[in-house]
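Take a look at the structure below.
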Amino acid sequence: MTLVHTTGAEPGLLGPAAPGPSPAPCATPEELPMTEAATVFVATCDLAGQVRGRAVPSSDQGSALRSGTGWVPADLAISSFGPIAPNVFGSRGDLRLLPDPATGVDIPADGDTPALRLYLADQTLPDGEPWPCCPRTFLRNAVDELRERTGIEVTAAIEHEFVLGGLPAGPPFSLQRFRQAEPFGADLVRLLERTGLQPENWLPEYGDGQFEITLRPGTAMAAADRAVLLKELVRDLARRRGLPVSFAPLLDPDGAGNGVHLHLSLRDAEGRPLLFDPARPGRLSALGARFAAGILRHTPALTAWTAPSPVSFLRLTPHRWSAGGIFLAEHNRESLLRICPTTQLAGADPAAQFNLEYRAADATANPWLALGVLLRAGLEGLVRDYDVPTVWPEDTDDSVLAGVPALPSSLEEALHALEADEVVRSWFDPRLLATHLSVKRSELAQLAGLDDAARIRKVADVH
Ligand code: GLU
Ligand code: MG
């Protein structure tokens, strides 16, 4: 729970999208600044939600940016806990990890820890053609198809909650707890500003040792790239400060969950907001309601991508302020899709701030795929004839909402829903779909027989 859910609630926050986390978005490899770092790490994020890659000497940055570094298709099948899941790629095939210059961030040297430049990469075939199983390419294609078929541009922001260990107990949301996390907090905000991730709010959350960081909105790709980078920057800084950190969906079966909330707004080609219509229920435009209908219709299958760990569904239960069911509601933190509040302070325009928040995601997801499936589902809502969803008003009684459709109760159920949803399956290269199902079933098998507390610990060890 947060008292300060400001994403989308501050003047102009969801205004035209800001560029990505870039030191020089349009620079050629030769124009990019040199780095004091000895190494440049080129990374992807996989189906296990892990960031993997390899480094080159910084003197080879130019060549890495032009032609990438080597990579292996079967890497996509590595499970969260280490072992590789059965997959169609086997020991054959080669890829390139082709860095996107716009994603470069510099982590400065700190004590004995050397500086590092980090780039996020697309996975391509050796000739540079897109690899159809690349998660980042999946998001790019989703954004492009939404634009080509509807003219719509997406603005997005992704919020993260996480738990810092090793701090004294302090009251939720308190200044005391905020200060107990220093100098980590100030260092983190400074690092995020310096790396172009555009921090918005940094706050002590409800759970023990729980904190939240929100980043300013950007294009869909910038928001997902920042989500990948944010977790690594937080982990890297916490490690250097000797603070255990976890983004796992739960750390204790009865404790507060760590959510990832994805905020979306839609604009036309001229940047005019498309979701806002003060005359309609919840002020959600007819177009916005159809976009939401697509997400609501396919939610069970979507959760196999947005909440894909063996313990993710322990968080997605009522009365946790995560997502307690499949419904769209005004200002309700138990909804799957929350219509976020707006402010008129300082003459701010509600239309520019108005956004939908998808709450059934966590940090075990791949951000490119999580955002990509939401856009694909929204597009289905725009082009198909789905039922227009109810917008539950803010004052709807919980007893009424008890009747809304339930989320899957387990990852197994979500994977079955994915297999049963022909529309969702059609968005994926069959090898990507099969690998995801295999990785997730392998992760379930690796934790089989453990009780909830033990499974939660295993997931927390790797997230
Ligand atoms: N911790 C809640 C979750 O698991 C979110 C609380 C809030 O910030 O609204 O999603
Ligand atoms: Mg929160």
(request) Starting from residues that are free of Cβ contacts under 8 Å to residues at least 40 places away in the same chain and closer than 20 Å to residue 322 by Cα, keep the ones in region 403-431 and report whichever is surrounded by the fewest Cβ atoms within 10 Å (Cβ to Cβ). (result) 403
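With respect to residue 439, determine if the residue is hydrophobic (A, V, I, L, M, F, W, C), touching a residue at least 40 places away in the same chain (Cβ under 8 Å), surrounded by 13 or more Cβ atoms within 10 Å (Cβ to Cβ) and not in a helix (DSSP H, G or I).
Here the answer is no, as residue 439 does not meet what is asked.
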(request) Read through the list (1) surrounded by 15 or more Cβ atoms within 10 Å (Cβ to Cβ); (2) free of Cβ contacts under 8 Å to residues at least 60 places away in the same chain, then give the number of the only condition that residue 90 fails. (result) (1)
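Residue-wise test of (1) among the aliphatic types (A, V, I, L, M); (2) away from ligand 2 (no atom under 16 Å from the Cβ).
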position: 262; (1), (2): yes, no
position: 265; (1), (2): no, yes
position: 283; (1), (2): no, yes
position: 290; (1), (2): no, yes
position: 312; (1), (2): no, yes
position: 321; (1), (2): no, no
position: 325; (1), (2): no, yes
position: 329; (1), (2): yes, yes
(request) Give the residue, chosen from 323, 286, 279, that is of a type in the set (A, V, I, L, M) and surrounded by 23 or more Cβ atoms within 10 Å (Cβ to Cβ). (result) 323
(request) For region 281-392, please list each of the strands (runs of 3 or more DSSP E) lying entirely inside it that holds at least 2 residues being within 16 Å of ligand 1 (Cβ to nearest atom), out of contact with any strand residue (DSSP E or B) (no Cβ under 6 Å at 6 or more places or on another chain) and in contact (Cβ under 8 Å) with a residue 40 or more places away in the chain. (result) none
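Got a number for residues in region 131-169 being farther than 17 Å from residue 220 by Cβ and free of Cβ contacts under 8 Å to residues at least 60 places away in the same chain?
3
Regarding region 190-208, can at least one residue be identified that is in a loop (DSSP other than H, G, I, E, B), within 16 Å of ligand 1 (Cβ to nearest atom) and either within 20 Å of residue 242 (Cα to Cα) or among the aromatic types (Phe, Trp, Tyr) (or both)? Break it down stepwise before answering.
First pass over region 190-208, keeping only residues in a loop (DSSP other than H, G, I, E, B): 195-198, 205-208.
In the following step, the residues that additionally are within 16 Å of ligand 1 (Cβ to nearest atom) were identified as 205-208.
From the residues that got through so far, the ones that are either within 20 Å of residue 242 (Cα to Cα) or among the aromatic types (Phe, Trp, Tyr) (or both) too are 206, 208.
Checking region 190-208: at least one residue is in a loop (DSSP other than H, G, I, E, B), within 16 Å of ligand 1 (Cβ to nearest atom) and either within 20 Å of residue 242 (Cα to Cα) or among the aromatic types (Phe, Trp, Tyr) (or both).
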(message) Tell me the residue from 172, 204, 199 that is within 16 Å of ligand 2 (Cβ to nearest atom), without any contact (Cβ under 8 Å) to a residue 24 or more places away in the chain and either hydroxyl-bearing (Ser, Thr, Tyr) or surrounded by 14 or more Cβ atoms within 10 Å (Cβ to Cβ) (or both), please.
(response) 199
(message) Condition first: modelled with pLDDT under 95, of a type outside the set (Lys, Arg) and more than 23 Å from residue 332 (Cβ to Cβ). Can you find one or more residues in region 383-395 that meet it?
(response) yes
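Among what's in region 250-260 and is in a loop (DSSP other than H, G, I, E, B) and in contact with a strand residue (DSSP E or B) (Cβ under 9 Å, 6 or more places away or on another chain), pick the residue that is farthest from ligand 1 (Cβ to nearest atom).
Going through the qualifying residues, I end up with 251.
Of the residues that make up region 262-279, is at least one acidic (Asp, Glu), touching a Lys or Arg at 6+ places or on another chain (Cβ under 9 Å) and at pLDDT 95 or above? Don't jump to the end; show me each part of the working.
Narrowing region 262-279 to residues acidic (Asp, Glu): 268, 270, 277.
With the extra rule that they be touching a Lys or Arg at 6+ places or on another chain (Cβ under 9 Å), the set shrinks to 277.
In the following step, the residues that additionally are at pLDDT 95 or above were identified as 277.
Yes, some residue in region 262-279 is acidic (Asp, Glu), touching a Lys or Arg at 6+ places or on another chain (Cβ under 9 Å) and at pLDDT 95 or above.
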(request) Pick out, from region 31-122, the strands (runs of 3 or more DSSP E) lying fully within it that include 1 or more residues that are polar (S, T, N, Q). (result) 39-45, 69-71
(message) Checking the structure you have, find out if any residue of region 223-243 is away from ligand 2 (no atom under 14 Å from the Cβ), surrounded by 24 or more Cβ atoms within 10 Å (Cβ to Cβ) and assigned to a loop (DSSP other than H, G, I, E, B).
(response) no
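The values are calculated or read from the model by the stated rules, or taken from the named source; none is laboratory data. It should be emphasised that the depicted structure is a prediction, and the values quoted were computed from it without experimental measurement. Backbone-built Cβ (ideal geometry, glycine too); neighbour counts: all protein chains shown.
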